[in-house]
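A short write-up of the structure that comes next.
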Amino acid sequence: MLTHLLEGFALVFRPQTFALMVFGTALGVIIGALPGMTGSMGIILLLPIVFWLPPDTAMIMLAGLFCGSMMGGSVSAILLRTPGTPSASATLLDGYPLCRQGRAGKAIGIATVASFFGGIFSTACLILIAPQLAKIALQFQAADFFSLSIFGLTIMASASAKNIVKGLLAGWLGLLASTVGIDVIVGVPRFTFDNMYLMGGFQLLPVLIGVFAVAQVLWEVRLPAGSGGRVVEQKIRLKDVIPSWGDLKVIAAALLVGSVIGVFIGIIPGTGGAISCFLAYNIVQKWSKNRHRFGNGAIEGIAAPEASNNATTGGALIPMLTLGVPGDAVTAVMLGALTLIGVRPGPLLFVEMPQVVYAIFSGMITIQFVMLILGFLSAKFAPYVLKVPREILMPIIMALCVVGSFTLGNSLFDVFVALVFGVIGFFMRKYGYPGAPLVLGVILGPMAEDNLNRAMLVSGNDWSILLRRPISAFFLVLSVISITFALAAAYKANKEEKRV
């Protein structure tokens, strides 16, 4: 293995390969930072170049774009409360408050280090235990996916520390939105009102852009010019960007938890960074000694989701390379690109084209260091966007929201969806309802419903299958524990308020 890895590094540091790797990573960071653009879109844009490159070089460039897009989403999430990608949805919960406190450099620095750690961790797993982890992922059946979804949905209970009911209502609204469209099992249209555009339901990206980005624009423009709605501005020095030793000790546990969750979720086909980031955020919040600071600028609240969503990159590559099964949407597009250039991922890939496999391994390691440098550079220069007057910045953000929503399916209906959910998000924020549970309901609702229906079909409507499956029972127990902790924390908080 060591010999193959050294040969892979020799390929990576060839001038052409290294230049294309840096280009792909930088392009990924830029695409990730633009609301509405995703890693899969970036790969599609690079397809004309891929045809003219050797398979190993092409794969390294695409892997760079994949990793860079994951990290890039955190930049706009922190600076503008506008997640560039769905995987950065949880990052803004503490990243944006930290930015408003005048600590944008620290927030982006923490996100960069977390992305680096998650990427390195997942690459190590990719190299050492890819076949074994892929086998575990293949054991998941419909009941297990449903219970995993239920565990993820328990985040709604703790989304609002002061009012669990508002968190649950916001999550219920997301679940309700996820039922719009045609039932994939029965084939019955629901809540479509004979509108052909509603047959496919609400896409995640327009909902995400609306709830966070458009709602933020509406929230800012309600303030008069020159009011206190601006983000605190300050000159950011390099030492403000690089986390201190004390910061690293605070986020150490969050980095590890987020990375483990990211790799595990990444391996499971059909999941991805949007799910893992919320799971990591919720678990770290529950076990943190500083849980009261979450939502107000806790650095663990940035480190956990960023380590998690970047760890899904290596995790998603595990089933793609070893089994030919993509772990998420980006690796699905990557799989198509590889097939077009004559590379067929699967068990035989390690035998027939080992140079490609180990070039990917070596490239993934190198990409993390390139991404670390680019992240610190973005932390140094990106905050200058905060100096743009709000009267100019908000229309620019709104234009990006419209373009990002439209490019998903070249449809004005998606733009309309983003605007409607933007208004909903504005009023939710005005009356103290968190937006994250709504988005989580839209993400996990279809996964929970579809897999519950499949589990019932397979078992003959026997609900005990949810408990008879060990993996399913494990996640259900975790769900009960999660709800119990949330209720206990709410009871304790209400009791302390009454004393005051």
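General remarks:
- Among 112, 82, sorting on how many other beta-carbon atoms sit within 10 Å of each Cβ, with the fewest leading, yields 112, 82.
- 30 Å Cα-Cα threshold exceeded, pairs from 166/286; 289/495; 249/430; 249/495: 249/430; 249/495
- Per-residue Cβ neighbour rank within 10 angstrom, fewest leading, 370, 403: 403, 370
- Fewest-first ranking of 69, 459, using other Cβ atoms within 10 Å as the exposure measure: 459, 69
- Taking the average, over residues, of other Cβ atoms within 10 Å as the packing measure, peptides 438-444, 412-418 rank 438-444, 412-418 from highest down.
- Take each peptide in 425-436, 207-218, 54-65, 279-290, count the other Cβ atoms within 10 Å of every residue, and average; sorted highest first, the result is 207-218, 54-65, 279-290, 425-436.
Each value in this text was obtained by applying a stated rule to the coordinates, not by laboratory testing. Everything numeric here is computed off the predicted structure, so don't read it as measured data. In this analysis, Cβ positions are derived from the backbone assuming ideal geometry, glycine residues included, and neighbour counts consider all displayed protein chains.
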